[in-house]
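What follows is a set of notes on a single structure, which appears directly below.
The values are calculated or read from the model by the stated rules, or taken from the named source; none is laboratory data. The structure presented is a predicted model; accordingly, all values stated were derived computationally and were not measured. All Cβ positions, glycine included, derive from the backbone under ideal geometry; neighbour counts span all protein chains shown.
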């Protein structure tokens, strides 16, 4: 069993000191930076060390951090690199563990360079980008990251969270955390639209994008609306040379925890998705359910590297 999402809390900055250059050690001390954990995570909700469930053959570790919150691009990139080096040591704990590369999206050039630095370590299988940011993820500034991922066979994993001061819903600022959490499905939809219609996925057909903890049931209706509108005004996006639903089915994968529908709706959701291979098992540090595997629908992604 491949667990495609094993979240682990970002370490305290003090644990990164040995992985930072002297200048950045002094800088974080002078700035009083002690934690990289995001404010939207509930206390105690994410374990401090990765621990795969029994029966798991491979688990992809996802550090939960708020690297995107720093406005200083070089500082953010240095902290991301320090956390990646910290994660290397964590991966030594268990041969079943695979890693996610944390990058600072504030500077796509520095982020791409970090991907190039970590790519030779074949235990890293994906690159993390926050759900929310300054620009939709399909926009051209992010393409250097996708080019680096495609060169090395790495997935792009869009994970929940991310907030740099702009309103986190299309209608403005919510009042409560529960509104934020429930509204993240809207942001995932927006990112899928951007990645398809801006041409980011079309120019790199070998690239795979994983939507982590995104829910599932919203995707079929979104794909239908995209196809409908594309047929009417596709002259606006001539680089999208096939129905958006085909691009999504080829390039996008979703983790199944949380699965946002009652269990008896699962067959219907699969039928609407059009391909069960779009779904990836993920424990999310929860208990492993009893699962019957269909030989024709086994997990095919992330493509775990040698």
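Computed values, structure above
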item: Odd one out for residue 93 among (1) within 21 Å of the chain's Cα centre (by Cα); (2) closer than 22 Å to residue 122 by Cα; result: (1)
item: Selection from segment 104-117 of residues that are closer than 19 Å to residue 72 by Cβ and either part of a loop (DSSP other than H, G, I, E, B) or touching a strand residue (DSSP E or B) at 6+ places or on another chain (Cβ under 9 Å) (or both); result: 104, 105, 106, 107, 111, 114
item: Test: residue in segment 4-15 that is under 25 Å from residue 113 (Cα atoms), modelled with pLDDT of 90 or more, in contact with a strand residue (DSSP E or B) (Cβ under 9 Å, 6 or more places away or on another chain) and not in a strand (DSSP E or B); result: yes
item: Single condition residue 156 does not satisfy, out of (1) at pLDDT 85 or above; (2) in a loop (DSSP other than H, G, I, E, B); (3) within 15 Å of the chain's Cα centre (by Cα); result: (2)
item: Scan of segment 118-149 for residues that are in contact with a strand residue (DSSP E or B) (Cβ under 9 Å, 6 or more places away or on another chain) and in a helix (DSSP H, G or I), ordered by number; result: 118, 142, 145, 146, 148, 149
item: Selected residue (criterion: surrounded by the most Cβ atoms within 10 Å (Cβ to Cβ)) from residues of segment 161-172 that are more than 21 Å from residue 73 (Cα to Cα) and in contact with a helix residue (DSSP H, G or I) (Cβ under 8 Å, 6 or more places away or on another chain); result: 168
item: Considering residues of segment 173-189 that are crowded, with 17+ Cβ neighbours inside 10 Å and out of contact with any helix residue (DSSP H, G or I) (no Cβ under 9 Å at 6 or more places or on another chain) only, the residue nearest to residue 252 (Cα to Cα); result: 187
item: Condition check for residue 205: under 17 Å from the mean Cα position of the chain (by Cα), touching a residue at least 40 places away in the same chain (Cβ under 8 Å) and surrounded by fewer than 21 Cβ atoms within 10 Å (Cβ to Cβ); result: no
item: When residues of segment 85-111 are limited to those that are closer than 21 Å to residue 130 by Cα and touching a residue at least 60 places away in the same chain (Cβ under 8 Å), the one surrounded by the fewest Cβ atoms within 10 Å (Cβ to Cβ); result: 85
item: Check on residue 223, touching a helix residue (DSSP H, G or I) at 6+ places or on another chain (Cβ under 7 Å), assigned to a helix (DSSP H, G or I) and in contact (Cβ under 8 Å) with a residue 60 or more places away in the chain; result: no
item: Verdict on residue 258 being under 16 Å from residue 161 (Cβ atoms), outside any helix (DSSP H, G or I) and modelled with pLDDT under 85; result: yes
item: Residue in segment 188-197 that is in a helix (DSSP H, G or I) and either farther than 23 Å from residue 128 by Cβ or over 18 Å from the mean Cα position of the chain (by Cα) (or both) present; result: yes
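So that you can scan it fast, the table gives a plain yes or no per residue for (1) out of contact with any strand residue (DSSP E or B) (no Cβ under 7 Å at 6 or more places or on another chain); (2) part of a helix (DSSP H, G or I); (3) at pLDDT below 95:
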residue	(1), (2), (3)
215	yes, no, yes
229	yes, yes, no
240	yes, no, no
247	yes, yes, no
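Okay, residues lined up against (1) loosely packed, with under 12 Cβ neighbours inside 10 Å; (2) out of contact with any helix residue (DSSP H, G or I) (no Cβ under 6 Å at 6 or more places or on another chain); (3) closer than 30 Å to residue 179 by Cβ:
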residue: 22; (1), (2), (3): yes, yes, no
residue: 29; (1), (2), (3): no, yes, no
residue: 54; (1), (2), (3): yes, yes, no
residue: 62; (1), (2), (3): no, yes, yes
residue: 67; (1), (2), (3): no, no, yes
residue: 70; (1), (2), (3): no, no, yes
residue: 75; (1), (2), (3): no, yes, no
residue: 80; (1), (2), (3): no, no, yes
